[in-house]
Amino acid sequence: MAENIMRIIDLRGQNLSRAELLAAMPRAAMGTSEATDLVRPILEDVKERGAAALRDFEEKFDHVRPANLRVPKGAMQEAVKTLDPEVRAAIEESVRRARAVAANQVPKDFHTDLAPGARVAERWIPIQRVGLYVPGGKAVYPSSVIMNAVPAQAAGVESLAIATPPARDNNEGLPNKTILATCAILGVDEVYAVGGAQAIAMFAYGAKGSEPQDGDVLCDPVDKITGPGNIFVATAKSLVSAFVGIDAVAGPTEIGIIADKDANPSLLAADLIGQAEHDELAGSVLFTDSEELAAKVQESLNYRVPRTEHAERVHTSLSGTQSAIVLTDGLDQSIDAANAYAAEHLEIQTANADEVVKRIKNAGAIFRGPYSPVPLGDYMSGSNHVLPTGGTARFAAGLGVHTFMKPVEVIEYDEEGLKELAARINAFAVSEDLPAHGECVLSRFVKDPYDKATLDAQEKEAGLK
């Protein structure tokens, strides 16, 4: 009999506190101190030397020295021409659905009238310039181009730049052609053949040119950086986050599945494998109160894993400490455990799935029912696949139009509106030992707010009391 691939975490018969439940959840062990030591000098070098440093790091890490760090428009147009028609159709459908959802995500301005002459409004203002990072590594991610660019465009961001590593099979140092074609389809023409921490540094600090084709300025700094990446990209984003916005410091991807006894174990196994394919550190967690279902899932994994192309990577991921089958006393405990895990992707494969969905408090995105698997969201559901990882879905949200906008309040009081509150504001300010705050307001209505001996009489004479 084959040995089970996934370990079991048995919560049955235990009345766990919130802290104990959080501690019981499987997580990937992430060490960042070594990455920080490696990344910090890269950031400083790019800040100091600009494009010259970028070329050096591309040669060191991606084994190619790009002549053109900024991808020529002709190369992008050529990539569209040579794109496989079926792939192009898939990309265009993904863009169409993502744009439809993003259009409905755009928040609406509003105002509140509190009294005559007293209005507070809120405007949603697009971030001016955004840098979008698209990873390379184990796979090619044109889907990440779509997931980052579409909501930024819907938000009204006026300046978009994309950085992605040079392709391993391109001697000119250009990025993957499918990624370039996707950028062209989306209408993004500022694309850089730069990967890793050095790309984050370029976005954060900008980069001066070092070759004639760069111009004096290769890349202007951005106001916010979004997009997933490896530990070095995540660490770089964290280090620059004190002065440039970031979406999140993403960890390894993960899936959680809540399933009951009637779920299909073969589909559950396929969904766990699909997520494990991303990375050896990817987390795959099944929550179920059915020991029989858990056993059938293990059997299906033993059959399926050796037959998938990236079997070794998948096996490493599923057998790691970050993955597990969590056995519970019932659906209530499965939901509690899933909320503690706060999965990046959470599938619901139970009876009465709508009722379960209503009880989910923590998840990056929820996939309801057996015909809403995670890869649907990765590519073409219209939802966004850039989601919070590592339990951060307890307080963070996935990428969306809101990521690229900032709410700004507009306060508009006239004389009548302020006069009604002037004396109260002064009293409040004095109670906080900030009398100049009150004097600032009173100056608009009384002759001498600094004469405290007569101030009460002045306020009455001005009709403030």
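The values are calculated or read from the model by the stated rules, or taken from the named source; none is laboratory data. Just so you know, these numbers come straight off a predicted model, no measurement behind them. Counting neighbours? That spans all protein chains shown, and the Cβs are built from the backbone with ideal geometry, glycine included. Just so you know, the surface numbers come from the protein's heavy atoms only, side chains and all, with ligands and any DNA or RNA stripped out. Shrake-Rupley method; radii C 1.70, N 1.55, O 1.52, S 1.80 Å.
Please count how many residues of region 110-131 are among the aliphatic types (A, V, I, L, M), within 30 Å of Ala201 (Cβ to Cβ) and surrounded by 14 or more Cβ atoms within 10 Å (Cβ to Cβ).
Residues that pass the stated criteria total 2.
Run Asn170 past the list (1) in contact with a Phe, Trp or Tyr (Cβ under 6 Å, 6 or more places away or on another chain); (2) part of a loop (DSSP other than H, G, I, E, B) and report the number of the one that doesn't hold.
The number of the failed condition is (1).
Every residue in region 203-243 that is part of a strand (DSSP E or B) and in contact (Cβ under 8 Å) with a residue 40 or more places away in the chain, please. Break it down stepwise before answering.
Looking only at region 203-243, we keep the residues that are part of a strand (DSSP E or B), and these are 207-208, 217-219, 224-226.
Within region 203-243, Ala207, Lys208, Leu218, Cys219, Lys224, Ile225, Thr226 qualify.
Taking Asn230 and the conditions (1) of a type outside the set (A, V, I, L, M, F, W, C); (2) surrounded by fewer than 24 Cβ atoms within 10 Å (Cβ to Cβ); (3) at pLDDT 95 or above, which numbered condition does it fall short on, given that it satisfies the others?
(3)
Okay, residues lined up against (1) more than 30 Å from Gln275 (Cα to Cα); (2) part of a loop (DSSP other than H, G, I, E, B); (3) without any contact (Cβ under 8 Å) to a residue 24 or more places away in the chain:
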site	(1), (2), (3)
Leu387	no, yes, no
Ala393	no, no, no
His402	no, no, no
Pro407	yes, no, no
Val410	yes, no, no
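Give me the residue from region 266-277 that is of a type outside the set (D, E, K, R) and surrounded by fewer than 22 Cβ atoms within 10 Å (Cβ to Cβ) and, out of that set, farthest from the chain's Cα centre (by Cα).
In the first step, residues of region 266-277 are kept if they are of a type outside the set (D, E, K, R); the result is 266-270, 272-276.
Going one step further and asking which of them are surrounded by fewer than 22 Cβ atoms within 10 Å (Cβ to Cβ), we end up with 266-267, 270, 274.
On the way: Ser266: 30, Leu267: 27, Ala270: 25, Gly274: 20 Å.
So the residue we want is Ser266.
Can you tell me which residue in region 71-106 is surrounded by the fewest Cβ atoms within 10 Å (Cβ to Cβ), limited to those that are of a type in the set (Lys, Arg) and within 25 Å of the chain's Cα centre (by Cα)?
Ranking the qualifying residues of region 71-106, first place goes to Arg96.
Give region 187-203 a look and list any residue that's in contact with a helix residue (DSSP H, G or I) (Cβ under 7 Å, 6 or more places away or on another chain) and open to solvent by 10 Å² or more (accessible area, probe 1.4 Å), or say none.
Matches in region 187-203: Asp189, Gly196.
Has region 306-317 got at least one residue that is in contact (Cβ under 8 Å) with a residue 60 or more places away in the chain and open to solvent by less than 10 Å² (accessible area, probe 1.4 Å)?
Scanning region 306-317, I find no residue that is in contact (Cβ under 8 Å) with a residue 60 or more places away in the chain and open to solvent by less than 10 Å² (accessible area, probe 1.4 Å), so the answer is no.
Does Leu376 qualify as being modelled with pLDDT of 95 or more and crowded, with 20+ Cβ neighbours inside 10 Å?
Judged against the criteria, Leu376 is not a match.
Filter region 141-177 for residues that are β-branched (Val, Ile, Thr) and either farther than 23 Å from Arg88 by Cβ or at pLDDT below 95 (or both) and give the result.
Passing the criteria: only Val157.
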